[in-house]
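Student: Can you read through this structure? Questions will come right after.
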Amino acid sequence: MDIISDYRAMDRSQVGGKFHVQARLRAEGIPVPDFFCLGRTLFDRLMAPELPRIRHLLAGLTPERRNDVVAVSKTIQQLITQDLQVDVAAIEAIFAAYDEVLGDARLVSVRACMLSDNAEGNEDSVANPFAGISESFLYVTREQVLDRVRECWASAFAEKTLIYRLSQGMDPLDVGVAVGIQRMVFGERSFVLFTADPNT
């Protein structure tokens, strides 16, 4: 499923840990702001024609060759943010989900979540949190959504992402991106809740 608005269908392998958990919280009656997800399948489908070129650019890249990483990252990110073909049906489905799920939302957040074919390569996995790696945008208008989605997809090949994956011995091409689009709520206070010992 490319666009997922049914919280019961938000499987971790498609939407990533952060959105899967929010869907579970909603199922338990926690008032999580409305959201929908662009599943990993959409990213994979749109990126498929570009994979040979991206594979060629990534070949032989190492974290020690910082200048090369920067150059490759810029090239791939430009390809995704400016040149990647997003079909009309996908664009219409994104905005149809926006109108159905978020309706009157004036502002939304648009956030990426990295996924991998290998569980330990997923964002928020036990061994690899990928903290600060995925792109996030707050206070996004409806008109800006598609551009912010492209930037979320492109963050899969940002300089910091490539260096992180390469330094951890991960295949930099073994990455997918889910994107959550969520109603912005202006909070009065924030906090962090640990449900387990954060050290263990």
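The values are calculated or read from the model by the stated rules, or taken from the named source; none is laboratory data. As the structure is a computational prediction, the values presented were derived from the model and not from experiment. With ideal geometry, Cβ positions are generated from the backbone for all residues, glycine too; neighbour counts draw on all protein chains shown. The protein model used for the area step is the full one, side chains on, heavy atoms only, and it has no ligands, DNA or RNA in it. Shrake-Rupley method; radii C 1.70, N 1.55, O 1.52, S 1.80 Å.
Student: Name, by its number, the condition in (1) surrounded by fewer than 16 Cβ atoms within 10 Å (Cβ to Cβ); (2) more than 18 Å from the chain's Cα centre (by Cα); (3) touching a residue at least 60 places away in the same chain (Cβ under 8 Å) that does not hold for L61.
Tutor: The number of the failed condition is (1).
Student: (1) in contact with a Cys (Cβ under 6 Å, 6 or more places away or on another chain); (2) open to solvent by 50 Å² or more (accessible area, probe 1.4 Å); (3) among the charged types (D, E, K, R): which one isn't true of K18, the others all being true?
Tutor: Here K18 clears every test but (2).
Student: Just checking, how many residues over the stretch 1-43 are at pLDDT 95 or above and among the basic types (K, R)?
Tutor: 2
Student: I'd like to verify a number: residues in the stretch 1-12 that are touching a His at 6+ places or on another chain (Cβ under 9 Å) and either in contact (Cβ under 8 Å) with a residue 40 or more places away in the chain or open to solvent by 40 Å² or more (accessible area, probe 1.4 Å) (or both), how many?
Tutor: 2
Student: Using the structure shown, decide if M47 is without any contact (Cβ under 8 Å) to a residue 40 or more places away in the chain and in contact with a Gly (Cβ under 9 Å, 6 or more places away or on another chain).
Tutor: no
Residues are listed down the side, and each one gets a yes or a no for (1) within 15 Å of V175 (Cα to Cα); (2) not acidic (D, E):
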residue	(1), (2)
D11	no, no
F43	yes, yes
I54	yes, yes
V70	no, yes
I76	yes, yes
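Student: Same structure, new question: How many residues does the stretch 22-44 contain that are more than 15 Å from the chain's Cα centre (by Cα) and touching a residue at least 40 places away in the same chain (Cβ under 8 Å)?
Tutor: 2
Student: Give just the number: which of (1) under 28 Å from S5 (Cβ atoms); (2) in contact with an Asp or Glu (Cβ under 7 Å, 6 or more places away or on another chain); (3) at pLDDT 95 or above; (4) among the hydrophobic types (A, V, I, L, M, F, W, C) does F130 not satisfy?
Tutor: Answer for F130: the failing condition is (3).
Student: Still on this structure, please answer the following. Is it the case that some residue within the stretch 150-172 is acidic (D, E) and open to solvent by 70 Å² or more (accessible area, probe 1.4 Å)?
Tutor: Yes, the stretch 150-172 contains a residue that is acidic (D, E) and open to solvent by 70 Å² or more (accessible area, probe 1.4 Å).
Student: Also, I was wondering about something else. Give me the pairs, please: first residue somewhere in the stretch 175-200 and modelled with pLDDT of 85 or more and among the aliphatic types (A, V, I, L, M), second residue anywhere and assigned to a loop (DSSP other than H, G, I, E, B) and open to solvent by less than 70 Å² (accessible area, probe 1.4 Å), beta-carbon distance under 8 Å, and either six or more positions apart or on two chains.
Tutor: V175/S116; V177/S134; A178/G16; A178/G39; M184/P33; M184/A105; M184/L107; V185/P33
Student: Restricted to the stretch 173-199, and to residues that are under 30 Å from T41 (Cβ atoms) and aliphatic (A, V, I, L, M), which residue is surrounded by the fewest Cβ atoms within 10 Å (Cβ to Cβ)?
Tutor: The residue in question is V185.
Student: Output yes when any residue across the stretch 140-150 is at pLDDT 95 or above and in a loop (DSSP other than H, G, I, E, B), and no when none is.
Tutor: Looking for residues that are at pLDDT 95 or above and in a loop (DSSP other than H, G, I, E, B), one finds at least one in the stretch 140-150, hence yes.
Student: Hey, can you tell me all the residues within the stretch 75-118 that are surrounded by fewer than 18 Cβ atoms within 10 Å (Cβ to Cβ) and among the basic types (K, R)?
Tutor: R106
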